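Novice: The structure that follows is given in the form of structure tokens.
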Amino acid sequence: MKGKPQNCLEIEVDLVAAATGDAEPGAVHRVERHIDFCAPCRGEFHRYREIDGAVGALRRSPAAAESVARAREGLESRLADLRSRLVSYRIFPSPLGHILIARSEHGVALVEYLGERSELAASRLSRATGVEPQEDGADIEALFRELLEYLQGDRTRLPWALDLRLARSDFHRAVLHATAAVPYGAVTSYAGIAAEIGKPAATRAVAQALRWNPLPIVVPCHRIIGTSGALTGYSGNKIGLKRELLAVEGIRAVGTPRDSHVARQTLYHYERNEQREYCLPTCGDIARRPIGRVTLLASRALADSLGLVPCTSCRPDLHPLAV
Amino acid sequence: MMGAQPFETIVGAHHAEIYRYIRRVTSRATEAEDLSQETFLRAYRAYRTLGPEANVRAWLFAIATNLTRNHFRSEKRRRVAYQAASIERREADPDGPESEARFGEAKVLLESTVGRLPLKQRQAFIMRKIHDLDYEAIGQSLDCSAESARAHVFQALRKIRLSLDGQALAPTTTEQPR
């Protein structure tokens, strides 16, 4: 290529592009004019066209379909594995300190109070096995917004699909399922949940399981209290928070922050019976029966929505509790 | 919240092409298998954050291009390490360019020439000439401007032209791919 005239050097880029079908119309025109009178460049032009044709032949001889299929098969299984491991999360500042929310493709897997700390290392997600945490955005933010609405009392339900993968055992999962079924504005006890899952002697184990509830607020372990009405343990030492969460739902507690009881005399009582009747706390000795056997209800509207009817002797319909 | 179509659709639509792209760049089936899978695993992790307007195909090519580049980089490091330990190893790849060149057939020669191009030129050339990506997309894959991408393809064609000097090519000049 030595000793090429200057104008041939200048047009080389356009010439290659034009010959290989990759030039602007203006460039094509310039090249055509040039090769009309420049034989060496005309030769080059045809040579590049030949090359382009040979390259075209290359694209028509792709890799064997069976190796593509094998790679695809391997991909499907690696993808399935990744999907089952991948959990996306985000950490939000909130009035309750930092809150981490994590979800998998199956549903929300973790709501965690991180307090002062705001990094993944502070979360149990970073220590969970078989989980690949991935920081993520928008859809988790929507969950957080709903959670805030809930905490402000603007929403009574968090109708989220749940993923209980962080539960530690089948027993743990059963406790979480039973707890999730306790409606907004109702309260039962650890013993009540133990009876519900057919393990009436497992009261302490139920309490322990709820201590490790991966989905506080969503799986409403704050609605589970002692049989005497005491607000025992919540997420370590957050009894005050438990009290607030219950207050949002219309369930008042009395006493010191360390020794709180729900105010039974302000709540309707329901003990399972064939007529599905619910009572005033003054009906017989119902207010002395253990919570768990008795479910406490914040309002008549709740009782109605559960399909309960007013007791025909104490008549909560005629003598509703003062709100 | 998420790319417009389910990820399975993306895999179905693009896996074969991405596999072929990597296979051409690396010229080895095992690497193409692994790197194409790796491409889609990465894409899956990031897919939720991809805007609905995004050009998914160009995006996948960019991931594949980067993975391949990293792969060659660490491969090179490994080779250097081997040499330092004076464990001289011969490439025993039967599809390797050296053995192919002896056949002298134009297509084989062309393939081996492409295989010897510097990586960026090779990737640019294959994206443009085999997969018809536009220079904007190629530039994004290679972390350079569309103009630089065009220059890479030009340099690649020039090298191919030089290495095929005097070599008879099949009379395919009338059969333009575009």
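Taken together, the values in this text are just the output of simple stated rules run on the coordinates, not laboratory data. Because the structure is a prediction, the values reported are computed rather than measured. Don't worry about glycine lacking a Cβ; one is built from the backbone with ideal geometry, like all the others, and counts go over all protein chains shown.
Novice: How far is helix A:65-85 tilted off the main Cα axis of chain A, in degrees rounded to 10, range 0 to 90?
Specialist: Tilt relative to chain A: about 30 degrees.
Novice: Quick check on segment A:82-151: what does the Kirkwood estimate of hydrodynamic radius come out to from the alpha carbon pairs, in Å?
Specialist: This gives a value of 12.1 Å.
Novice: Something else about it: Does segment A:169-219 classify as rounded, prolate or oblate by the C-alpha gyration tensor (a ≥ b ≥ c root eigenvalues; a/c under 1.5 gives rounded; else a/b over b/c gives prolate, otherwise oblate)?
Specialist: It comes out oblate by the Cα gyration axes.
Novice: Further, regarding this structure: Provide the percentage of antiparallel DSSP beta bridges, counting only those with both residues in chain A; round to the nearest 5.
Specialist: For chain A, the DSSP antiparallel bridge percentage is about 70.
Novice: Right, something else. For the protein assembly as shown, what is the calculated [θ] at 222 nm in deg cm²/dmol (nearest 500), taking -39500 (n - 2.57) for each run of four or more DSSP H residues and dividing by its residue count?
Specialist: Taking each H run of at least 4 residues, the total per residue is -16000 deg cm²/dmol.
Novice: A further question follows. In whole angstrom, and with the biggest value first, how far do the Cα coordinates of segment A:6-59 range along each principal axis?
Specialist: That works out to 34, 22, 16 Å along the principal axes.
Novice: Using a Förster distance of 60 Å, how high is the FRET efficiency between A:Arg42 and A:Val248, based on the Cβ-Cβ distance and rounded to 0.05?
Specialist: With R0 = 60 Å, the Cβ-Cβ based efficiency is 0.10.
Novice: Rule-of-thumb check for the protein assembly as shown: C-alpha Rg over 2.2 N^0.38 Å?
Specialist: It is 1.50.
Novice: A follow-up question, please. Stick to the Cα atoms of segment A:1-155, pair each with every other, and give me the Kirkwood hydrodynamic radius in Å at one decimal.
Specialist: 21.7 Å
Novice: Please say if segment A:77-225 is rounded, prolate or oblate, where rounded means a/c under 1.5 for a ≥ b ≥ c the square roots of the C-alpha gyration tensor eigenvalues, and otherwise the choice is prolate for a/b larger than b/c and oblate otherwise?
Specialist: Taking the square roots of the gyration eigenvalues as a ≥ b ≥ c, segment A:77-225 is oblate.
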